[in-house]
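First up is the structure itself, then whatever we jot down about it.
The values are calculated or read from the model by the stated rules, or taken from the named source; none is laboratory data. Note that the coordinates shown come from a computational prediction; the quantities given were computed from them, not determined experimentally. Please note: Cβ atoms are built from the backbone with ideal geometry, for glycine as well, and neighbour counts cover all protein chains shown. Each accessible area value is taken on the protein alone, full model and side chains, heavy atoms only, with ligands, DNA and RNA left out. Shrake-Rupley method; radii C 1.70, N 1.55, O 1.52, S 1.80 Å.
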Amino acid sequence: SEGIQKLAGSKMRNILGAITNNKFAGIFTGFFTTSVIQSSSATTVMIVSFVNAGLLSLRQAIGVIMGANIGTTVTNTMVSIGHIRSGEEFKRAFAAATIHDFFNLLAVFILLPLEIIFGFIEKSSFWLGKFFFGTLTTDEVFKSPIKTAVKWGAKKVQAISFDNETILIILSIGLT
């Protein structure tokens, strides 16, 4: 998150804020991004990183992630069209894609008004964060035990790789 903050600067924060302050603009942003990169997972990871870095608020991210779910409808429809030369296969693929499309669209049509009126996704997200991680503010960052373990292991490997005597000892033991 520190790297993203340094890389983005205030201009990026202003641009992201402008295109995601309105939930409908956020949905379009998520839809467009997912349609272009063909991955709702990648869009969601970017949004989570932006929230973690403080470039977006949770409220702004909810609309973008809903849009990313709608954006997947473009991907699955394109994949189903890839089967157009095989009649029966195309029918099954297009039917499955259409069901997926309706599921995603209905989920957004149901959840978006409820989120706008009650803010239940945002409230439940804050509640879950508080329940699992204690009191969190926007300035605090979750301390991942996995990140700590990886850093520890990386320091050990780094210590070995930059110490020529250790490498020579290991090589000499391996050769004997």
> Just one of the numbered conditions (1) more than 21 Å from Leu114 (Cα to Cα); (2) surrounded by 13 or more Cβ atoms within 10 Å (Cβ to Cβ) is not true of Ile62; which one?
Replying inline: (1)
> Residues Gly82, Gly54: which one is at pLDDT below 90, more than 26 Å from Ile116 (Cβ to Cβ) and open to solvent by 30 Å² or more (accessible area, probe 1.4 Å)?
Replying inline: Gly82
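From the list Val48, Val64, exactly one residue is modelled with pLDDT under 90, closer than 22 Å to Leu128 by Cβ and part of a helix (DSSP H, G or I). Which is it?
Result: Val48 is the single residue among Val48, Val64 that is modelled with pLDDT under 90, closer than 22 Å to Leu128 by Cβ and part of a helix (DSSP H, G or I).
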>> Anything in the range 31-51 that is open to solvent by 60 Å² or more (accessible area, probe 1.4 Å) and among the hydrophobic types (A, V, I, L, M, F, W, C)? List them, or say none.
In response: Phe31, Phe32, Val36, Ile37, Val45, Met46, Val48
>> Among the residues that make up the range 9-30, is at least one of them aromatic (Phe, Trp, Tyr), open to solvent by 40 Å² or more (accessible area, probe 1.4 Å) and either assigned to a helix (DSSP H, G or I) or in contact with a helix residue (DSSP H, G or I) (Cβ under 8 Å, 6 or more places away or on another chain) (or both)?
In response: yes
>> Considering only residues that are open to solvent by 80 Å² or more (accessible area, probe 1.4 Å) and either in contact with a Lys or Arg (Cβ under 7 Å, 6 or more places away or on another chain) or of a type in the set (A, V, I, L, M) (or both), which ones fall in the range 85-127?
In response: Ile99, Leu106, Ile110, Ile116, Ile117
